[in-house]
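The values are calculated or read from the model by the stated rules, or taken from the named source; none is laboratory data. Predicted model, so just to flag it, every value in this text is computed and none were measured. In this analysis, Cβ positions are derived from the backbone assuming ideal geometry, glycine residues included, and neighbour counts consider all displayed protein chains. These accessible areas exclude ligands, DNA and RNA; they are computed on the full protein's heavy atoms, side chains included. Shrake-Rupley method; radii C 1.70, N 1.55, O 1.52, S 1.80 Å.
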Amino acid sequence: MSDAETRRIVLASRPEGEPRPEDFLLETAPLPEPGPGEILLRTLWLSLDPYMRGRMNAGKSYAKPVEIGAVMEGGTVSVVERSNHDGYRPGEMVLGMTGWQTHAVSDGTGLRKLDPAAAPVQTALGILGMPGMTAYTGLLNIGQPKPVETLVVAAASGAVGATVGQIAKLKGCRTVGIAGGPEKCRFLLDELGFDAAVDHRAPDLPERLAETCPDGIDIYFENVGGEVWNAVFPLLNDFARIPVCGRIANYSDTAPPPGPDRTVQLMGTILTKRLRIQGFIVRDFASQAGDFRRDMSAWLKEGRIRYREDVVEGLERAPEAFMGLLKGRNFGKLLVKVS
Ligand code: NDP
C-alpha cells in the first residue's frame, strides 16, 4: 500500500450458512481527503465480534445489515492523521465505528477520545469497551448475582464470558465456565479464578455439567445456545435468571435444528420453575456506561479482573480471523492490529 492509498474490506456476498473467504473482498482506493470540519483517521486496531455475522444477513434485526459492496462494520481505535476540525488535533486517539478499513474520514460524530496514559488504547474495544460493558450490565441487571449462588457461563474464555465469570466471582458466586478444549479450561481455573471448568468439546457434556453443578444453576449467562443450552436447561433452579446475550452456535444456521419442537416443555418449565429469561443488547444499558467504566477501571487497577487478547496482524487477515471466531479458534478478545 502506498501512502496515498487506503485499503478496506467490503461485503462481497451474503453467506448461506458459515461465511466463506469469497464473501469478503479487499479493495484499494485513493486516500480520502478530509473536507472542512472533518478529520482523517488512520486505524490502529479493529475489533472482531460475533455480532458481525448478523450484519452479513439481509433482513430485519436489531441493527441494519451491511449492504453488498459496503465496508464491513466494526469498532476501531484510530489516530487522527489530519484535522480540519477545531475539536481534534493530529496524534489524538479515538474510539469509533469506522469499520474494516485502514483510514476513514469523520466529522467527529460518534467518536470518543481515548487517553493512552489511562489504559492501553485497544482495551476500549474489549475489557473497557463494548464486550466488558455487555458482561457488566447483563450480569448485574438481569443475572443479579448473590453470594453462594452458582453461575454458569459459556464461551467463558472469550471477551464477554471471561468478564462475566470474574464479576460473578467478585459478587460471591460459585463460577462454572464452559469452554472449548483443555487449554481454555485450564486458563479459566489458573488465570481467571473460576471454581470449575467444563470442556464442551469432550463427550457427555450434560453428565459432566450436572456433576459440576451439584446444587443446580441459579444464573446462566447465555452466550452460545445449541448443545450447551440443552445441557444447562435441566439443571436450572427455581427462580434462575438467564440473561440471553448471544447464541453464537446458531448464528450461521440456515434451518431450525432437527428434532421435536420443545416449546411446550420450555414454557412449562419457565412457569413451574419461575425462570426469568431476558434478552438484551448492550446499548439498552447505555446510561450505565459511566458506572461501568468507573468500576471496571478500579477492578483492573486492583488486579481483581484480568483479560486476555488474541491479536492478528494486518487488515487482510480479518476475514480469516473472523471466520475462526465463529468456530472458537480465538483465545481471548479478538483484535486486528491494522497499523
Ligand atoms: P468470544 O471472544 O467469546 O468468541 C466467541 C466464542 O464462542 C468462541 O471462541 C468459542 O469459544 C465460542 N463458540 C463458538 N461456537 C460455539 C459453539 N457452537 N458452542 C459453544 N461455544 C461456541 O466472543 P464475545 O465474547 O465477543 O461474544 C460472546 C457472545 O456474546 C456472543 O454470542 C456474542 O454474540 C454475544 N454478545 C452480545 C452482545 C449483546 O449486546 N447482546 C454484545 C457482545 C457480545 P469456545 O472455544 O470456548 O467454544
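Taking all Cα pairs closer than 8 Å and separated by 6 or more residues, the relative contact order of the range 130-283 comes to 22 percent.
Checking the a/c ratio against 1.5 first, then a/b against b/c, what shape does the Cα gyration tensor give for the range 228-339? Oblate is the answer for the range 228-339, as a/c is 1.5 or above yet b/c matches or exceeds a/b. Of interest is the spacing of the C-alpha centroids, which for the range 146-195 and the range 101-123 amounts to 30 Å. Could you tell me what percent of the DSSP beta bridges with both partners in the chain are antiparallel, to the nearest 5? If we restrict to bridges inside the chain, about 55 percent are antiparallel. Restricting the trypsin sites (Lys or Arg not before Pro) of the range 1-81 to loop positions (DSSP other than H, G, I, E, B) with no more than 16 neighbouring Cβ atoms within 10 Å leaves Lys60. Note on Ala255/Arg20: beta-carbon distance plugged into 1/(1 + (r/R0)^6) with R0 of 30 Å gives a FRET efficiency of 0.95.
Note on the chain: with a GNM built from Cα contacts shorter than 10 Å, the maximum mean-square fluctuation among Thr134, Thr175, Thr212 falls on Thr212. Among the GluC sites (Glu not before Pro) found in the range 14-71, those both in a DSSP coil and sparsely packed, with 12 or fewer other Cβ atoms within 10 Å of their Cβ, are Glu16, Glu67. Accessible area per residue (1.4 Å probe, heavy atoms of protein chains only) ranks Met56, Met93, Met267 as Met267, Met93, Met56, with the largest value leading. Accessible area per residue was computed with a 1.4 Å probe on protein heavy atoms; Leu95 scores about 30 Å². Quick one: grab the alpha carbon gyration tensor of the range 130-283, order the square roots of its eigenvalues as a ≥ b ≥ c, and give me rounded if a/c is under 1.5, else prolate or oblate depending on whether a/b is larger than b/c. Verdict is rounded for the range 130-283.
For the chain, the longest principal axis of the Cα atoms and the long axis of helix 289-301 meet at an angle of about 80 degrees.
Once the C-beta distance of Lys273 and Ser339 is scaled by a Förster radius of 45 Å, the resulting FRET efficiency is 0.30 to the nearest 0.05.
Accessible-area rank, largest first, for Trp100, Trp299: Trp299, Trp100, with all protein chains present and a 1.4 angstrom probe.
Annotation: extensible slack from Ala202 through Asp107 equals 29.2 nm (criterion: 0.36 nm per residue apart, minus Cα-Cα distance).
Taken per residue, the accessible surface of the range 130-283 reaches 45 Å², heavy atoms only and a 1.4 Å probe.
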